[in-house]
Amino acid sequence: MMLLERQTQLQQLETLLGDAIGGHGRVAVLAGEAGAGKTAIVEAFAARVGESAAMLRSACEDLSIPDPLGPLYDLAREAQWALPRAIDARHGQRLPLFSDALDAFAAKGPSLLVIEDLHWADDATLDFVRFLGRRIANTHILLLLTARTDRSEGQMRVRRALGEIPAGSVARIDVPLLSQAAVLSLADAAGRDGD
Ligand SMILES: Nc1ncnc2c1ncn2[C@@H]1O[C@H](COP(=O)(O)OP(=O)(O)O)[C@@H](O)[C@H]1O
Ligand SMILES: [Mg+2]
């Protein structure tokens, strides 16, 4: 797919991944409205990462009562880490579990961890993001998050969680709506009326 008007965002992500590969882990937050193109940027960036970093992907779901730690289960599966057994061994204790998770992901070497749609995250997932964010500077991990800016309740919870991560570790990358010219050219390419 042709990605329009996203050179800046992709370049910022490249720089942050470079930092992470160099041992200065970072959190990147793609922030924008629903449909602005956050996922499209994740896809385009994932295609560029190639062999330079391991990639683990996950997403939060729009459930009335989200499963606790759903994204961590996804990430663990991709890392081939036995999370359910780790949880049993930890008797439901979160901090030792998060610490094990950090070890398991760090063992992958330079890596890109993706958690999409953080505005739908359960509290435990936000706790994990906070935990990882506060320790990420000493890892080779780029934690790439996407979050909507148009759902006030979810947005508040995300902002609160990210607010507890050292400012130097977090980069917010805005994803504005495409320009009128870009929309017109997409419509044209699809044989539709841009107006
Ligand atoms: N920069 C872009 N250029 C062209 N098409 C885009 C671009 N960004 C998004 N799209 C298209 O717009 C739609 C919505 O994008 P998506 O990434 O799913 O939004 P979000 O994840 O922010 O809700 C998708 O069909 C996607 O292919
Ligand atoms: Mg999306």
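The values are calculated or read from the model by the stated rules, or taken from the named source; none is laboratory data. In this text the structure is predicted, and so the values were computed from the model without any measurement. Note that each Cβ is placed from the backbone with ideal geometry, even for glycine, and that neighbours are counted across all protein chains shown.
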Are any residues in the range 23-60 away from ligand 2 (no atom under 16 Å from the Cβ), touching a residue at least 40 places away in the same chain (Cβ under 8 Å) and farther than 14 Å from Ile173 by Cα, and if so, which ones?
Gly23, His24, Gly25, Val49, Ser52, Ala53, Ala54, Met55, Leu56
For the range 138-195, name all the residues that are modelled with pLDDT of 95 or more, over 14 Å from Val29 (Cα atoms) and of a type in the set (S, T, N, Q).
Asn138, Thr139
Out of the range 121-150, which residues are surrounded by 16 or more Cβ atoms within 10 Å (Cβ to Cβ), within 14 Å of ligand 1 (Cβ to nearest atom) and of a type outside the set (S, T, N, Q)?
Leu144, Leu145, Ala147, Arg148
So Leu56, is it closer than 23 Å to His140 by Cα and buried (at least 16 other Cβ atoms within 10 Å of the Cβ):
yes
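This table checks each residue for (1) over 30 Å from Glu33 (Cβ atoms); (2) of a type outside the set (S, T, N, Q); (3) free of Cβ contacts under 8 Å to residues at least 12 places away in the same chain; (4) out of contact with any Pro (no Cβ under 7 Å at 6 or more places or on another chain).
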residue: Pro84; (1), (2), (3), (4): yes, yes, yes, yes
residue: Gln93; (1), (2), (3), (4): yes, no, yes, yes
residue: Asp100; (1), (2), (3), (4): yes, yes, no, yes
residue: Leu113; (1), (2), (3), (4): no, yes, no, yes
residue: Glu116; (1), (2), (3), (4): no, yes, no, yes
Residues that are touching a residue at least 12 places away in the same chain (Cβ under 8 Å) and within 15 Å of Leu178 (Cβ to Cβ), drawn from the range 1-22:
Met1, Met2, Leu3, Leu4, Glu5, Arg6, Gln9, Leu10
